[in-house]
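The values are calculated or read from the model by the stated rules, or taken from the named source; none is laboratory data. Since we're looking at a predicted model, the values are computed, not measured. Backbone-built Cβ (ideal geometry, glycine too); neighbour counts: all protein chains shown.
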Amino acid sequence: MKLKEIQNTFRTNLNGAYENEEIDRFFYLLIEDYYGVSRLQLAMNPGIEIENSKAILDALELIKEHKPIQYIMGETEFYGLPFKVNGHVLIPRPETEELVEWILNCHSEPSEESRKITILDIGTGSGCIAIALAKNLPNAKVYALDVSKDALKIAKQNAELNKVNIEFIEADILSLCQGEDISKSQKFDIIVSNPPYVRELEKEMMNHNVLDHEPHLALFVKDNNPLLFYEAISGFAKTALTENGQLFFEINEYLGKETVDLLEKYKFKNIELKQDIFGKNRMVKAEINS
Ligand code: SAM
Ligand code: GLN
C-alpha cells in the first residue's frame, strides 16, 4: 500500500476529531517509527509503498479512541531525552520540563558542579524529573519514589535507557511511617515533586485522551482535600531536607495561593511562586533556612 494513500485514510478518518496539522503530525511520527520513513523522504518520493500496513492502521484505530500517540508508540521525549511510557505512567508534560529547568538554573553555578548533592523525586512516574536531573547534574545522587510498582518498572527502564544511576524506592508518601524511615537514613539537598493535584471538579474541563487513558492514580485528588500530597510532602521535607535544603513542587494552577499558604504554615522560608510560559501559576520553591 502507498504511504500517501494511508495518509489520506488518516485525514478522512480523523477529520473533525483533530486539527489537520495534528493528524499529519501523528502520521509522520508513526511512519518514521514503524517504517523508518521521514517526512522529507516521503515528500521526495511520494510513491513509497510499504508491504505491511497493519501496524499503522491499528494505530489509527487507537487514535480514533483518543489513545495518546505517546502510549501508542510507547515512547516520548522529555528535556531532550527519550522515555518509554505506558498506561501506568503519566505522559511527561512540557510544564514539568520548566520545573526541571528551574531546578537546574538554581544549581548552575560552577561551584555547584563539583558539589555532591542528594535529590529525592517523589511520585516519579516515568522517572522523567529524576532522570533529567541526574543526566544534567552528574555529581548528584538521585533517589526516586513512587507507590506504583508498575510505574517504577518503567522508570527503571528509563534510567537504563538514559544511562543514569537512580535509587528507586517503592513507598506511599501519604504513610508518614515509611516517609520517616527514609529520612532517618538519608537527608536530601533537594526534594522535588509533581504529585497528583487535579481536583475531581476539574474533570469536565479535561480531554478524553487524558481522562480515558492516563492513570488516575497519577492525576486526581479529592475536591475537599486537594493539597493532601503537598501537606504530606511538606511535613516529610521538614525532617528529610538538609540544613540548606530546597523543596520544589509543580502545582495546580488554580491553587497557587493555597500552596504558598501551606508552605508558610510549615515555616518554610524564601517561598517563590513561579508561572509557566503561559503565565499560569505552575511551580513553587521553598527553603528550610532564610
Ligand atoms: N513525576 C512524573 C511526572 O512529572 O511526569 C509523574 C507525576 S504524576 C502527576 C504523580 C505520581 O505520583 C504518579 O506516578 C503516581 O503513581 C504517584 N503517586 C500517587 N500516589 C502516591 C503516593 N501515595 N505515594 C507515592 N507516589 C504516589
Ligand atoms: N498537568 C497535568 C494535567 O493537567 C496534571 C499533573 C498532576 O496532577 N500532577 O494533566
Practice problem: Identify the residue in segment 120-139 that is in a loop (DSSP other than H, G, I, E, B) and within 13 Å of ligand 2 (Cβ to nearest atom) and, among all such residues, is surrounded by the most Cβ atoms within 10 Å (Cβ to Cβ). | Solution: Thr124
Practice problem: Confirm whether Gln41 is more than 27 Å from Gln157 (Cβ to Cβ), at pLDDT 95 or above and not charged (D, E, K, R). | Solution: yes
Exercise. Would you confirm whether any residue within segment 230-250 is more than 11 Å from ligand 1 (Cβ to nearest atom) and assigned to a loop (DSSP other than H, G, I, E, B)?
Key: no
Exercise. Find the residue count for segment 144-167, including only residues that are assigned to a helix (DSSP H, G or I) and touching a His at 6+ places or on another chain (Cβ under 7 Å).
Key: 3
Practice problem: Take Glu32 and decide whether it is surrounded by 14 or more Cβ atoms within 10 Å (Cβ to Cβ) and charged (D, E, K, R). | Solution: yes
Exercise. Kindly list, by first and then second residue, each pair from a residue in segment 204-223 that is away from ligand 1 (no atom under 16 Å from the Cβ) to a residue that is part of a helix (DSSP H, G or I), limited to pairs with Cβ atoms under 7 Å and residues at least 6 apart or on different chains.
Key: Asp223/Glu200; Asp223/Leu201
Quiz item: Just checking, how many residues over segment 251-269 are part of a helix (DSSP H, G or I), buried (at least 19 other Cβ atoms within 10 Å of the Cβ) and among the aliphatic types (A, V, I, L, M)?
Solution: 2
Quiz prompt | Inter-residue pairs, beta-carbon under 8 Å, first within 19 Å of Lys274 (Cβ to Cβ) and more than 6 Å from ligand 1 (Cβ to nearest atom) and in segment 84-99, second small (Gly, Ala, Ser) and at pLDDT 95 or above, 6+ apart | solution = Glu97/Ala132
Quiz item: Of all residues in segment 211-221, how many are in contact with a helix residue (DSSP H, G or I) (Cβ under 7 Å, 6 or more places away or on another chain) and either among the hydrophobic types (A, V, I, L, M, F, W, C) or more than 13 Å from ligand 2 (Cβ to nearest atom) (or both)?
Solution: 3
Practice problem: State whether the residues of segment 264-284 include one that is within 14 Å of ligand 1 (Cβ to nearest atom) and not charged (D, E, K, R). | Solution: yes
Exercise. Name every residue in segment 232-257 that is free of Cβ contacts under 8 Å to residues at least 60 places away in the same chain and more than 15 Å from ligand 2 (Cβ to nearest atom), in order of residue number.
Key: Ser234, Gly235, Ala237, Lys238, Thr239, Leu241, Glu243, Asn244, Gly245, Leu247, Lys257
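Consider Thr76 carefully, then state whether it is at pLDDT 95 or above, surrounded by 15 or more Cβ atoms within 10 Å (Cβ to Cβ), among the polar types (S, T, N, Q) and part of a strand (DSSP E or B).
Yes: the conditions hold for Thr76.
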